[in-house]
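Data first, discussion second: the structure below is written as structure tokens.
The values are calculated or read from the model by the stated rules, or taken from the named source; none is laboratory data. For clarity, every value in this text was computed on a predicted model and none was experimentally measured. Please note: Cβ atoms are built from the backbone with ideal geometry, for glycine as well, and neighbour counts cover all protein chains shown.
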């Protein structure tokens, strides 16, 4: 009996030890697997203002260490100043910031087929944006509608996506009306950004000239936009809303204001598509006086939802904010120089490990690593030179 008892106890002990060891090993291996899954290569596409040093869209390959290959011309097209891909990342769309499209007072939107194995772009077609100077383009969650904001024309439009990824003529076009208080910059509407919300039921559009975020009901199947009720949220006069970003849970919206270098935080109700302001803070260091050459440009929320980044042109920094994920409010942490002049655009790779800052006036793109615990940015020593880089999009290499 004693032998049998001892054997049973030993067996139970061995099983318990085995389970404990298995849990420990799984706990150790799982993060490594997750890290390995996140550490992959990406194609990085750069939109530019074209001219003597740029001919269109450029592409580099970025490896898991943040190292980039020299950029190569992926597509010749005029002023592709903002880029967006469809959800499946088979197509890329460019806003062509021009004021004359085939004799019309309008800009263009160009569609490309994207080969994620080679990084190659093949032009499919182009359509009118409906208004002059398109400066932003996005794709809804179904991939059936491309949204575009026209800065010079002060309007927004929705274009249907065909089965082959090409674009049809705009199915919806809305001309904004009104003005605000800043001479020259706000004497009329200036559409600057439009994006479908996480529910894909509404589209939010920043108009810098009106100091408003306009809210539209979105019918993605038909590429239609209709004003919501209420139709907009107002910002402080003279703020100049430029771009916005959603929190990962969709409960908060962060609007970066170009003209007064502020960040405005809204609570978002996705059932009704309504915005309620809860906070407004400066993007500049405490005590820093506003200067005539200062303005904000881009805003991005980290995939973790813990941090927010905003770019200050003139001051030439990326501002880091910590987000209270319960209240949505932000706290300014620090500023990091972008290593160049006029950071019009920047973007984070999908894993949230790197930030690439596009410095328009110095013609360089600088790579920073991101500390996952603090959000702190550290230059990796990697940078690229190209003419007037102003847009960055990541696509995983297949």
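Numerical summary
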| quantity | calculated |
| --- | --- |
| Any chance residue 278 is without any contact (Cβ under 8 Å) to a residue 60 or more places away in the chain, in contact with a strand residue (DSSP E or B) (Cβ under 9 Å, 6 or more places away or on another chain) and either buried (at least 20 other Cβ atoms within 10 Å of the Cβ) or not assigned by TED's automatic domain parsing to the domain that holds residue 208 (or both) | no |
| Residue satisfying all of: in the range 353-365; in contact (Cβ under 8 Å) with a residue 60 or more places away in the chain and not in a strand (DSSP E or B); farthest from residue 258 (Cα to Cα) among these | 353 |
| Exclusive hit being at pLDDT below 95 and over 17 Å from the mean Cα position of the chain (by Cα), set 279, 325, 382 | 325 |
| Within the range 183-200, considering residues that are within 24 Å of residue 144 (Cβ to Cβ) and surrounded by fewer than 17 Cβ atoms within 10 Å (Cβ to Cβ), the one nearest to the chain's Cα centre (by Cα) | 198 |
| Subset of the range 328-351 (residues that are part of a loop (DSSP other than H, G, I, E, B), closer than 30 Å to residue 388 by Cβ and within 19 Å of the chain's Cα centre (by Cα)) | 338, 342, 349, 350, 351 |
| Answer from 381, 340, 310 - the residue that is surrounded by fewer than 20 Cβ atoms within 10 Å (Cβ to Cβ), out of contact with any helix residue (DSSP H, G or I) (no Cβ under 9 Å at 6 or more places or on another chain) and assigned by TED's automatic domain parsing to the domain that holds residue 263 | 381 |
| Verdict on residue 139 being within 18 Å of residue 204 (Cα to Cα) and in the same structural domain as residue 392 (by TED's automatic domain parsing) | yes |
| Criterion (in the same structural domain as residue 282 (by TED's automatic domain parsing), surrounded by 15 or more Cβ atoms within 10 Å (Cβ to Cβ) and over 15 Å from residue 265 (Cα atoms)) met by exactly one of 218, 244, 235 | 218 |
| Scan of the range 227-259 for residues that are assigned to a strand (DSSP E or B) and within 20 Å of residue 187 (Cβ to Cβ), ordered by number | 232, 234, 241, 242, 257 |
| The lone exception for residue 322 - which of (1) within 22 Å of residue 287 (Cα to Cα); (2) not in a strand (DSSP E or B) it fails | (2) |
| Filter pass, residue 305 being crowded, with 20+ Cβ neighbours inside 10 Å, in the same structural domain as residue 119 (by TED's automatic domain parsing) and under 20 Å from residue 252 (Cα atoms) | no |
| Count of the range 385-398 residues which are under 19 Å from the mean Cα position of the chain (by Cα) and crowded, with 16+ Cβ neighbours inside 10 Å | 8 |
| Residue within the range 250-264 that is over 25 Å from residue 178 (Cα atoms) and surrounded by 21 or more Cβ atoms within 10 Å (Cβ to Cβ) present | yes |
